[in-house]
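Take a look at the structure below.
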């Protein structure tokens, strides 16, 4: 390819597309209910909060600002999610005031855009765990509700549900 053709291809890949438009539909203010399981089979701890989603970088990335309570303590988090046209994969980052590290992952989505599954790694210092494999599943039943679930990879290789966050548009 010529330099001009290479540049044209790069610019084409850099443009927001349908997947980015799907994210944009969720821009706005949300009321949040968070359920967290410390041990499988035990009842969840529940917290409330708010989230604000905003598209940045010309519609290429969705940011989340989260404020609420978790286990009776103030909880504040920041995340980003986007779609990489070049790699053909979703990506996500997350960090919060319960630690100093960052979660990052990549994944796939359903053809209709209603489910995104991200696999990544994170540390959990309270349990002395490093590079814990985690799975996050976003479910978008409609533009006014979405649910995010997280799963840890158990010692037997099976997924263990650790959190469920329900977002309802304000």
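The values are calculated or read from the model by the stated rules, or taken from the named source; none is laboratory data. All figures in this text were calculated on a predicted structure; none of them were measured in a lab. Positions of Cβ are backbone-derived with ideal geometry, glycine not excepted, and every protein chain shown enters the neighbour counts.
Side notes on the structure shown:
- Residue 71 without any contact (Cβ under 8 Å) to a residue 60 or more places away in the chain, over 18 Å from the mean Cα position of the chain (by Cα) and at positive phi: yes
- Condition met for residue 167 (under 15 Å from residue 23 (Cβ atoms), in a strand (DSSP E or B) and under 10 Å from the mean Cα position of the chain (by Cα)): no
- Put simply, of 31, 85 the only residue that is surrounded by fewer than 17 Cβ atoms within 10 Å (Cβ to Cβ), touching a residue at least 60 places away in the same chain (Cβ under 8 Å) and in contact with a helix residue (DSSP H, G or I) (Cβ under 6 Å, 6 or more places away or on another chain) is 85.
- Residues that are at negative phi, surrounded by fewer than 16 Cβ atoms within 10 Å (Cβ to Cβ) and in contact with a strand residue (DSSP E or B) (Cβ under 8 Å, 6 or more places away or on another chain) were ranked within segment 120-132; the one that is modelled with the highest pLDDT is 121.
- Residue pairs meeting the criteria (Cβ under 7 Å; at least 6 apart or on separate chains; first within 30 Å of residue 146 (Cβ to Cβ), in segment 1-25; second loosely packed, with under 13 Cβ neighbours inside 10 Å): 13/86; 16/58; 25/143
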